[in-house]
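First the structure, in the form of structure tokens, and then the observations on it.
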Amino acid sequence: MKTRYLLLFLFSLLLSASGLASLPVVDRDEARFVQSTKQMAETGNYIDIRLQEQTRYKKPIGIYWLQSAAVTLSGKGAEAPIWVYRLVSALGIALSVLAVAWTGARLFGADAGMAAGLVVAALFATAFEGRIAKTDAMLLACCVAAQGALAQIYVAARRKEASAGWLPWLFWAAQGAGILIKGPITPLLSALTVLTLFAFERDGRWLKRLKAGWGILLVAIIVLPWLALITFKSGGAFWQEAVGKDMLGKVASGEESHGLPPGFYVLTYSLFMWPFGLAAVGAALTALNHVREDYRLRFCLAWYIPFWLVFELIPTKLPHYVLPAYPAVALLIGWLLVAPAGTAQEPLKIWQKWLWWATAFGLAVVTLGLAAVSIGAPLYLTKSFNFWSIPAAVALLLAGWLAFPRGGRMPLNRIGAVAASAGIGYALLFGVIAPSLQPIWLSPRIVTAMQLYKPCENSVLAASGYQEPSLVFLAGTDTVLTDTQGAGKHLLSDPNCAMALAPIAEEAQLTQELAAQGKKAVRVTEIDGINYSSGKTMSLGLYRASGQ
């Protein structure tokens, strides 16, 4: 078993490796997280969270501390490249894979655990989150650790067996860590699971095994010190922003242009559960037929269904919000693998057949779509053919073809082949093809131009019209985000060294700002491209001040 766990851990890290360094900083969430962590390294203040001069209290401190640890261990400090920050996410996915494999092995056997681990490692959702430096990969690790401990305590109680004494401590430690990473998500997941099980069984005696008194004390020891410090330091502003604006704002209405009706996660399921979405639906539908007699299946469905329903009802929606639920259906794929012969061939009800075929259609569409993006994106954005598009498309098509279940269940060797094929596709898509799409990566090109044309070693950039946080991370914390008038004032404040970025369409206005002081704006280069965050095509000029 130890060898299997080690191989799974290394396999997961390998799947996340490509793109960690080559993929530019992604706007906007990743850039905000890494810039705030970078400022901690610059200032030595590891309590307060800031994005330039603004407070950033939307999420607790956990991910910033983990990224800060990676930055410190790298020896590069605030100059650490983006891959250092992303190592935390790659580790988070690898730990999630280990935790789900461990849980599956305890519930259904070693082969089931191995299958579930491979599934989680190779999902599109985890492939993306493992390459992006934000909260969700490490949150997933906390959620799976907590749910894995909870599952084993629950199953042992149903079997009338003793459960390991350290499991409650793992459960509560994961809750505390999860709260520090992303607030109430981990407790919400476990609470919904427990409430669903209680509603189904009307028996909560097993909950005594959680040792809630000592557990809540452990959570308080983990969480309260920083909460007390940030409450004092912010004068209560942390609670107003994190709870009042961020959390309650998302529950009450669509926040940050992400308000969407129920059904969003149904429509995006086939992409973010790719390539195992169909296998998971097949396993879940079969599990529904056995949920009354098999408490292990009951637990997995209580893990997935209520969490998914709650987030379908919340107005603010982003694809990664339901990521903590996906390991539950990965476990069901593992269960079906080792279930008695004939289980997978049991007849489905009419609505179940419709759902299965709809998901099969989704698998086909996403597979063809990913292959098409691999080939078409370079042709459309760079007007050139990328040689690596062909092996990427072949690997993605192979993964999708192999992922179509034959005979209901998917053998372990086929699961491994699907995961390996998907991993090759991800490596080329995220690590080679996406970084080559130069028109969409404006910030690195702006900073490269600035390094080439800056008149002084300490030149500071003021940016108008393009104000993405990735530019701040790459160009420096003192980068000024302003309008064209502000860019002109910045050039006048230090005409020998200052630089400005502005839309070429506003060049006349910039020149007018400088003319009053006997200066003119000199465009040293032009950067054309697409701001993918806003969808706007941009023509930006990089400027210096010069005498008339």
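The values are calculated or read from the model by the stated rules, or taken from the named source; none is laboratory data. Note that the structure is a prediction, hence the values are computed from the model and not measured. Positions of Cβ are generated from backbone atoms using ideal geometry, with glycine treated the same way; all protein chains shown enter the neighbour counts. Accessible surface areas use protein heavy atoms only, side chains included; no ligands, DNA or RNA. Shrake-Rupley method; radii C 1.70, N 1.55, O 1.52, S 1.80 Å.
Some notes on this structure:
- Every residue from region 356-379 that is within 22 Å of the chain's Cα centre (by Cα) and of a type in the set (Ser, Thr, Tyr): Thr367, Ser374
- Looking at Gln35, Gln39, just one residue is in a helix (DSSP H, G or I), open to solvent by less than 30 Å² (accessible area, probe 1.4 Å) and over 14 Å from Lys134 (Cα atoms), and that residue is Gln39.
- The residue of region 8-31 that is surrounded by the fewest Cβ atoms within 10 Å (Cβ to Cβ), among those that are assigned to a helix (DSSP H, G or I) and more than 16 Å from the chain's Cα centre (by Cα), is Leu10.
- Residue satisfying all of: in region 383-411; modelled with pLDDT under 95 and either in a helix (DSSP H, G or I) or open to solvent by less than 20 Å² (accessible area, probe 1.4 Å) (or both); nearest to Leu348 (Cα to Cα) among these: Pro405
- The one condition in (1) under 18 Å from Ala475 (Cβ atoms); (2) open to solvent by less than 40 Å² (accessible area, probe 1.4 Å); (3) over 36 Å from the mean Cα position of the chain (by Cα) that Ser493 fails to fulfil: (2)
- Region 514-548 - residue that is among the small types (Gly, Ala, Ser) and touching an Asp or Glu at 6+ places or on another chain (Cβ under 8 Å) and, of those, nearest to Trp441 (Cα to Cα): Ser533
- Only listed residue being in contact with a helix residue (DSSP H, G or I) (Cβ under 7 Å, 6 or more places away or on another chain), farther than 26 Å from Asn413 by Cβ and touching a residue at least 60 places away in the same chain (Cβ under 8 Å), chosen from Leu323, Leu285: Leu323
- Region 42-76, subset among the polar types (S, T, N, Q) and in a loop (DSSP other than H, G, I, E, B), residue surrounded by the most Cβ atoms within 10 Å (Cβ to Cβ): Gln52
- Subset of region 47-84 [under 22 Å from the mean Cα position of the chain (by Cα) and of a type in the set (Gly, Ala, Ser)]: Gly62, Ser68, Ala69, Ala70, Ala80
- Scan of region 271-292 for residues that are under 17 Å from the mean Cα position of the chain (by Cα) and open to solvent by 10 Å² or more (accessible area, probe 1.4 Å), ordered by number: Leu271, Phe272
- Out of Ser459, Ser443, one residue alone is closer than 25 Å to Ala31 by Cβ, in contact (Cβ under 8 Å) with a residue 24 or more places away in the chain and assigned to a loop (DSSP other than H, G, I, E, B). It is Ser459.
- Those residues of region 90-134 which are in a loop (DSSP other than H, G, I, E, B), more than 21 Å from Phe33 (Cα to Cα) and either among the acidic types (Asp, Glu) or open to solvent by less than 10 Å² (accessible area, probe 1.4 Å) (or both), in sequence order: Leu123
A quick yes/no check of all residues on (1) among the aliphatic types (A, V, I, L, M); (2) open to solvent by 30 Å² or more (accessible area, probe 1.4 Å):
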| residue | (1), (2) |
| --- | --- |
| Leu170 | yes, yes |
| Lys182 | no, no |
| Gly236 | no, no |
| Glu241 | no, yes |
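- Pair list, Cβ < 8 Å and 6+ apart or interchain, from region 197-224 residues that are surrounded by 12 or more Cβ atoms within 10 Å (Cβ to Cβ) to residues that are among the hydroxyl-bearing types (Ser, Thr, Tyr) and at pLDDT below 95: Arg209/Ser163
Matching residues to (1) among the hydroxyl-bearing types (Ser, Thr, Tyr); (2) surrounded by fewer than 16 Cβ atoms within 10 Å (Cβ to Cβ); (3) modelled with pLDDT of 95 or more:
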{"site": "Ile446", "(1), (2), (3)": "no, no, yes"}
{"site": "Asn458", "(1), (2), (3)": "no, yes, no"}
{"site": "Ala462", "(1), (2), (3)": "no, no, yes"}
{"site": "Tyr466", "(1), (2), (3)": "yes, no, yes"}
{"site": "Leu474", "(1), (2), (3)": "no, no, yes"}
{"site": "Thr477", "(1), (2), (3)": "yes, no, yes"}
{"site": "Val480", "(1), (2), (3)": "no, no, yes"}
{"site": "Thr484", "(1), (2), (3)": "yes, no, no"}
{"site": "Ala487", "(1), (2), (3)": "no, no, yes"}
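- Residue in region 509-536 that is least open to solvent (accessible area, probe 1.4 Å), counting only those that are within 24 Å of Ser470 (Cα to Cα), among the hydroxyl-bearing types (Ser, Thr, Tyr) and at pLDDT below 95: Ser533
- Test: Ala372 is open to solvent by 50 Å² or more (accessible area, probe 1.4 Å), in a helix (DSSP H, G or I) and small (Gly, Ala, Ser): yes
- Boolean, Leu87 is open to solvent by 50 Å² or more (accessible area, probe 1.4 Å), on the phi < 0 side of the Ramachandran plot and either assigned to a loop (DSSP other than H, G, I, E, B) or at pLDDT 95 or above (or both): yes
- Residue among Leu331, Leu301 that alone is in contact with a helix residue (DSSP H, G or I) (Cβ under 6 Å, 6 or more places away or on another chain), part of a helix (DSSP H, G or I) and modelled with pLDDT of 95 or more: Leu331
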